Amino acid sequence: MATMQILMPTQLSKPVRFIEKLPPMYFALVMATGILSLAFKLLNYERFATILFYLNNLQFSVLLLLFVLRLVFYPKAFLADLKSNEKGPGYLAMVAGSSILGVQHVLLGYSTTTAVILWVFALIAWLLLSYSFVLAMITKTEKPRLELVVSGGWLLLTVSTESLCILGNTLMQKLFSDTAVLLFTNLCLFTLGVVLYLMLAAIILHRLIAAKVKPQEFTPPYWVLLGAAAICTLSGAVLVGKMNDLGQLTDLIPFVKGLSVFMWSIACWWIPLLLLLEIWRHLISRVPIIYDVAYWDTAFTLGMFTVATYRLANMLDHLFLKAIPAFTLYIAAGFWILMFVGMALSMIKGLAEKRS
């Protein structure tokens with residue numbers, strides 16, 4: 001009779017060795033796919049929205065499994081990244097990705113129960129990851145110079161906070177019978193996200209202006225300067241709609257509307273500057289364009305600006321603004337396709353190198 005062998009973690013870890021170096025920000029793939037799906041939904045491209053919805057569920061499930069395996073088999077690497085100034089904020093993409101997938105489930109008419117589970121998961125992950133990261137940054141004994149501490153990826157603190165607000169408002173009546181409590185909580189999350197954005201964006205802009213920046217250092221996460229402002233706009237627009245529907249906290253509607261327009265204006269201001277910096281990086285300084293997981297932050301930003309502008313137009317009843325998302329949707333979709341092809345080719349190349 002064959003004897004059963006118990007596989008130890010060291011034995012199991014060999015086939016998943018690549019997980020040790022898995023970038024924390026890989027959930028930006030889920031963020032980008034989810035927001036593009038929602039953009040297609042809002043602009044009445046139902047088939048594309050549905051295809052991306054199913055793809056995003058697969059992507060989320062695979063990445064969640066990989067991250068759990070990384071925590072189990074490589075806890076030192078997992079925690080080292082969490083304590084890193086550069087990589088630590090990337091974990092918060094898990095929160096935003098979960099929240100956006102939850103919104104997909106609701107708006108595309110699928111499982112509200114799954115959306116609630118995703119909201120609970122995102123809330124717990126937000127509490128654990130955001131406070132662990134910030135605490136690690138504060139208690140570090142060795143710290144880099146101030147202008148080198150914060151990068152564009154830090155704005156995932158804003159993105160994750162606002163994503164919780166958006167999903168919470170989308171699920172308002174499903175989560176608690178007392179909607180006033182959750183509505184007020186979401187209002188606090190919205191304003192917290194705006195404050196975090198203003199603080200971090202000021203430090204990042206100071207870093208870009210005051211410190212020498214090499215073209216290689218202007219990485220795709222800096223596009224989150226635009227994406228984070230856009231998600232604040234979207235969060236505010238969704239919040240205003242919920243305030244009107246429930247007839248609660250109506251005195252604060254002008255305040256939320258004003259902040260939403262304020263954040264959209266900031267998002268628009270970043271567009272020319274970021275494009276000029278990309279020209280400086282790639283065309284003038286000749287930095288080659290090579291697929292990097294960080295580019296999913298840019299893909300997310302383009303999709304988020306599209307959705308945020310559409311919802312802002314509805315909130316203000318300024319339909320002329322809808323001409324913008326009708327145009328940017330194609331840019332967002334084209335960039336997403338380029339990144340997906342780049343990711344696939346990168347994986348194929350990696351497998352070929354291993355076999356050889």
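The values are calculated or read from the model by the stated rules, or taken from the named source; none is laboratory data. Everything numeric here is computed off the predicted structure, so don't read it as measured data. Neighbour counts are summed over all protein chains in view; Cβ atoms, including those assigned to glycine, are modelled from backbone coordinates with ideal geometry.
Identify the residue in region 234-254 that is part of a helix (DSSP H, G or I), in contact with a Ser or Thr (Cβ under 9 Å, 6 or more places away or on another chain) and surrounded by fewer than 18 Cβ atoms within 10 Å (Cβ to Cβ) and, among all such residues, is modelled with the lowest pLDDT. Break it down stepwise before answering.
Going through region 234-254, the residues part of a helix (DSSP H, G or I) turn out to be 234-246, 250-254.
Checking the rest, the ones that are also in contact with a Ser or Thr (Cβ under 9 Å, 6 or more places away or on another chain) come to 234-240, 242-244, 246.
Restricting the remaining residues to those that are surrounded by fewer than 18 Cβ atoms within 10 Å (Cβ to Cβ) gives 244, 246.
On the way: Asn244: 92, Leu246: 88.
Across region 234-254, the extreme among qualifying residues is Leu246.
Right, Val68: of a type in the set (Val, Ile, Thr), in a helix (DSSP H, G or I) and either touching a Cys at 6+ places or on another chain (Cβ under 7 Å) or at pLDDT 95 or above (or both) or not? Give the steps one after another, and end with the answer.
On the way: of a type in the set (Val, Ile, Thr): yes; in a helix (DSSP H, G or I): yes; either touching a Cys at 6+ places or on another chain (Cβ under 7 Å) or at pLDDT 95 or above (or both): no.
Here the answer is no, as Val68 does not meet what is asked.
Would a scan of region 43-54 turn up a residue that is buried (at least 24 other Cβ atoms within 10 Å of the Cβ) and either at positive phi or modelled with pLDDT of 85 or more (or both)? Break it down stepwise before answering.
So the first thing to find is which residues in region 43-54 are buried (at least 24 other Cβ atoms within 10 Å of the Cβ), and the list is 52.
Going one step further and asking which of them are either at positive phi or modelled with pLDDT of 85 or more (or both), we end up with 52.
Scanning region 43-54 turns up at least one residue that is buried (at least 24 other Cβ atoms within 10 Å of the Cβ) and either at positive phi or modelled with pLDDT of 85 or more (or both).
Which residues, counting only those in region 139-172, are loosely packed, with under 13 Cβ neighbours inside 10 Å and either touching a helix residue (DSSP H, G or I) at 6+ places or on another chain (Cβ under 9 Å) or within 16 Å of Met199 (Cα to Cα) (or both)? Let's see the steps before the verdict.
If we filter region 139-172 for residues that are loosely packed, with under 13 Cβ neighbours inside 10 Å, which is where we start, we get 139-146.
Lys143, Leu146 - these are the residues of region 139-172 that are loosely packed, with under 13 Cβ neighbours inside 10 Å and either touching a helix residue (DSSP H, G or I) at 6+ places or on another chain (Cβ under 9 Å) or within 16 Å of Met199 (Cα to Cα) (or both).
So is Lys174 among the charged types (D, E, K, R) and part of a helix (DSSP H, G or I) or not? Working first, answer last.
Values: among the charged types (D, E, K, R): yes; part of a helix (DSSP H, G or I): yes.
For Lys174, the condition - among the charged types (D, E, K, R) and part of a helix (DSSP H, G or I) - is met.
Among what's in region 255-291 and is of a type in the set (Gly, Ala, Ser) and at pLDDT 95 or above, pick the residue that is surrounded by the most Cβ atoms within 10 Å (Cβ to Cβ).
Taking region 255-291 and keeping what is of a type in the set (Gly, Ala, Ser), we get 258, 260, 265, 267, 285.
Among the residues that remain, those that are also at pLDDT 95 or above are: 258, 260, 265, 267.
On the way: Gly258: 11, Ser260: 26, Ser265: 11, Ala267: 24.
Here the residue is Ser260.
Exactly one condition in (1) closer than 24 Å to Trp296 by Cβ; (2) assigned to a helix (DSSP H, G or I) is not met by Tyr110; state its number.
Failing condition for Tyr110: (2).
Which pairs do you get when a residue that is closer than 16 Å to Cys165 by Cβ, found in region 97-123, comes within reach of a residue that is outside any helix (DSSP H, G or I), reach meaning Cβ atoms under 8 angstrom, with the pair 6+ apart or on two chains?
Gly102/Leu171; Val106/Leu171; Ala115/Leu171; Val116/Leu171; Trp119/Leu171
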